[in-house]
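The values are calculated or read from the model by the stated rules, or taken from the named source; none is laboratory data. Treat the numbers as computed from the prediction; the structure is a model and nothing was measured. Don't worry about glycine lacking a Cβ; one is built from the backbone with ideal geometry, like all the others, and counts go over all protein chains shown.
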Number of protein chains: 2
Amino acid sequence: MAKSGRGGARLRIHVVNNANSAPVYHVTEEKFRAAAKRHPGVAKGIVLTFGTEPEERDANLAEAEILLAGGFNMTGLAARAPRLKWVQSTSAGVEKVVPHIPPGVVLTNASGVHGPKGGEYAMTALLMLNHRVPHFVTNKPLARWDQAFATPIAGKTVLMVGVGAIGSAAAKLAKRFGMRVLGLGRTARPDRLYERVYAPKDLHKLLPKVDFVLVTAPLTPATRGMIGKTELDLLPRHAGIVNLGRGPVIDNDALAEKLTKGELSGAVLDVYPEEPLPASSPLWRAPNLVMSPHCAVDDASAYAARALDLFLDNLGRYRAGRKLLNVVDPALGY
Amino acid sequence: MAKSGRGGARLRIHVVNNANSAPVYHVTEEKFRAAAKRHPGVAKGIVLTFGTEPEERDANLAEAEILLAGGFNMTGLAARAPRLKWVQSTSAGVEKVVPHIPPGVVLTNASGVHGPKGGEYAMTALLMLNHRVPHFVTNKPLARWDQAFATPIAGKTVLMVGVGAIGSAAAKLAKRFGMRVLGLGRTARPDRLYERVYAPKDLHKLLPKVDFVLVTAPLTPATRGMIGKTELDLLPRHAGIVNLGRGPVIDNDALAEKLTKGELSGAVLDVYPEEPLPASSPLWRAPNLVMSPHCAVDDASAYAARALDLFLDNLGRYRAGRKLLNVVDPALGY
């Protein structure tokens, strides 16, 4: 690709992977080539640079018009990448990126890459909560035989806090299980996937009526701490909560305390206020809690491929001067 | 009911509950009355006895024509209940009852009562295995942050060992998730719920090709030890196994060893060779294993009601001289 351009300045795209993240997430030249074949012509005449050593990376960054990045510290980006016009994140959550995007540079996120795997895991989490799996897994290391009986999930109510790709994929599955599915988005609106999408102001009135809460909302100034002690206290004692979005949307200390006191049936978490979660966190010791280390919604076989498909779709739009997909509104934070 | 009969000898039905089992399973007079309203006329003119004290129970048993029982030691039943013509078990599994049924007495089981809850829990178990939940719950007490990535369950293959009510309910759900569903029954046959129902002789050829095995088979001379070390060794390393049927169908020591060696992705068990499972069992300490204490397929709100609906349906058939549902073949053991 780097050699196929002709005529005029070639479009320079720099790729940064997070060396501390799992290879599942990495955009490699091989994965890029495979994806480019699915989008014929779009990547023609580009200069694609990787560069993992700081010096090489900085030189390429200085020339790049487009940055394709995952988990990259963008502090000082305006000075480091003066020609930059567009940043495509390979993550859906961009709360750490937004503050560093220079004025006039477009940021797009990877919302949508988690849909199929994330929806399935969300449904798994709701089923686990319904069938008392948190209770069972808490008792196993104690060799404690303590029956807990449940009823089918059909007819029960779930509130989706966040109505994006994961929430919507989960909503479809939950409805197939006969559940009643409510949504909570930034604004109230009708949506055929949900019985109704409510606004944040409705949260307190909804919580006492639900059996489960599924949090997939992005972390923004509006969602930080949205599910605090007050909100957790509004849930019925038999309710369960799932967080697949971002850790700080929930007050995790309050959640650990509720679980320890037996004031909630259970919780399923994939995201935390700090990651990796320190061994000192009370969450590790809280009962009735199923924890995965921020990986449960990420598809092992398709994550990078889906992010690249989105990027190449956007690249075609960019070159044609059309509107990009998944443009982040810096004021909203997603 | 006991007082409404007129003319001729009244039909005597004795009910025995297992005092050591959870109230969920108990047939009470209140539950019986509620169920009888759903089957008008069927329970007219019967004498219904309970009697939990041995003396009272034995006196009633001696007169009973019909026995409705769950988890009751039936040793010496022929002598204790000389007028007995029919035993309705409130359990689906009757391996402990079959040897004590006097010749000429019909035994019917409660197969079917577990369908909705059991199918849902079976699907929960398959999803947990697919999404590496056994790995996550093993790491939590160790405060170990260790990512594991998976792919969606769609397209993967499950072999249902046992094609009764739970297996069939699970098959329907698994197909909705896009899974390939194979069955294994007592005999090979076409069945629209499964890609194909295979015979036990096909087991060894199937195991290397599946991603998951779901065991719901009854315990019979033919199924005891059916999934032994040889069979577990035939499964791919990434595979997972679920047992919701009866503990001794699987060699649980071999399973614990496979899990400890990391030679299987995970297992989900609800049934054990001995129940309650002694604290000395290696299963309690095996990694990548989700264990529930024989309750996961039993519906808290509907178990006794469904068993009573089946009994009253059968009672109507009995009084009309028609063929009963769920008649157990003593030679087959289910």
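Which of the following residues is part of a loop (DSSP other than H, G, I, E, B), farther than 25 Å from B:VAL297 by Cα, basic (Lys, Arg) and in contact with a helix residue (DSSP H, G or I) (Cβ under 8 Å, 6 or more places away or on another chain): B:ARG83, B:ARG12? It is B:ARG83. Total residues in segment A:86-125 satisfying the condition of being in a loop (DSSP other than H, G, I, E, B) and away from every other protein chain (no Cβ under 14 Å): the figure is 17. For segment B:126-141, taking the residues that are touching a residue at least 60 places away in the same chain (Cβ under 8 Å) and over 22 Å from A:SER301 (Cα atoms), the one that is farthest from the other protein chains (Cβ to nearest Cβ) is identified as B:THR138. Of the set (1) touching a residue at least 60 places away in the same chain (Cβ under 8 Å); (2) farther than 27 Å from B:MET123 by Cβ, all apply to B:ASP253 but (1).
Give me the residue from segment A:247-280 that is farther than 20 Å from A:MET226 by Cα and within 12 Å of chain B (Cβ to nearest Cβ) and, out of that set, surrounded by the fewest Cβ atoms within 10 Å (Cβ to Cβ). Per the stated criteria, the residue is A:SER280. Taking residues in segment B:222-240 that are within 14 Å of B:LEU203 (Cα to Cα), and partners anywhere that are basic (Lys, Arg) and surrounded by 14 or more Cβ atoms within 10 Å (Cβ to Cβ), the pairs with Cβ atoms closer than 6 Å and at least 6 places apart or on different chains are B:LEU232/B:LYS258.
Comparison of A:GLY164, A:GLY70 shows that the only residue that is surrounded by fewer than 24 Cβ atoms within 10 Å (Cβ to Cβ) and in contact with a Phe, Trp or Tyr (Cβ under 6 Å, 6 or more places away or on another chain) is A:GLY70.
Among the residues making up segment A:308-334, those that are in contact with a strand residue (DSSP E or B) (Cβ under 8 Å, 6 or more places away or on another chain) and either loosely packed, with under 12 Cβ neighbours inside 10 Å or among the aliphatic types (A, V, I, L, M) (or both) are A:LEU310, A:LEU315, A:LEU324, A:LEU325, A:VAL327, A:VAL328.
Considering only residues in segment B:19-65 that are within 22 Å of B:GLU275 (Cβ to Cβ) and assigned to a helix (DSSP H, G or I), the one that is farthest from the chain's Cα centre (by Cα) turns out to be B:PRO23.
Residue-wise test of (1) in the same structural domain as B:LEU308 (by TED's automatic domain parsing); (2) buried (at least 20 other Cβ atoms within 10 Å of the Cβ); (3) modelled with pLDDT under 95.
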| site | (1), (2), (3) |
| --- | --- |
| B:LYS37 | yes, no, no |
| B:PRO40 | yes, no, no |
| B:LEU48 | yes, yes, no |
| B:GLU53 | yes, no, yes |
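Scanning segment A:282-291 for residues that are at the interface with chain B (Cβ under 10 Å from one of its Cβ atoms) and farther than 20 Å from A:GLY93 by Cβ gives A:TRP284, A:ARG285, A:ALA286, A:LEU289, A:VAL290.
Of all residues in segment A:303-316, those that are more than 20 Å from A:ILE166 (Cβ to Cβ) have Cβ atoms under 6 Å from Cβ atoms of residues that are part of a helix (DSSP H, G or I), 6 or more apart or on another chain, in A:LEU312/A:ALA35.
B:LEU68 fulfils the conditions (1) part of a helix (DSSP H, G or I); (2) within 23 Å of B:CYS295 (Cα to Cα); (3) at pLDDT 95 or above except for a single criterion, (1). When B:GLU120, B:GLU195, B:GLU95 are checked against the criterion of being touching a residue at least 12 places away in the same chain (Cβ under 8 Å) and not assigned by TED's automatic domain parsing to the domain that holds B:ASP270, B:GLU95 stands alone in meeting it. Annotation note: of B:LYS85, B:LYS96, the sole residue that is among the charged types (D, E, K, R) and at pLDDT 95 or above is B:LYS85.
Which numbered condition in (1) within 14 Å of chain A (Cβ to nearest Cβ); (2) in contact with a strand residue (DSSP E or B) (Cβ under 8 Å, 6 or more places away or on another chain); (3) acidic (Asp, Glu); (4) more than 21 Å from B:ARG132 (Cβ to Cβ) is the only one that B:GLU195 fails? Single failed check for B:GLU195: (1).
Per-residue answers, yes or no, for (1) within 11 Å of chain A (Cβ to nearest Cβ); (2) surrounded by 18 or more Cβ atoms within 10 Å (Cβ to Cβ); (3) aliphatic (A, V, I, L, M); (4) closer than 26 Å to A:GLY115 by Cβ:
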{"site": "B:ALA150", "(1), (2), (3), (4)": "yes, yes, yes, yes"}
{"site": "B:GLY155", "(1), (2), (3), (4)": "yes, no, no, yes"}
{"site": "B:LEU182", "(1), (2), (3), (4)": "no, yes, yes, no"}
{"site": "B:ARG189", "(1), (2), (3), (4)": "no, no, no, no"}
{"site": "B:ASP202", "(1), (2), (3), (4)": "no, no, no, no"}
{"site": "B:LYS205", "(1), (2), (3), (4)": "no, no, no, no"}
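You will find that of A:LEU325, A:LEU259, A:LEU310, the residue that is at pLDDT 95 or above, in a helix (DSSP H, G or I) and under 21 Å from the mean Cα position of the chain (by Cα) is A:LEU310 and no other.
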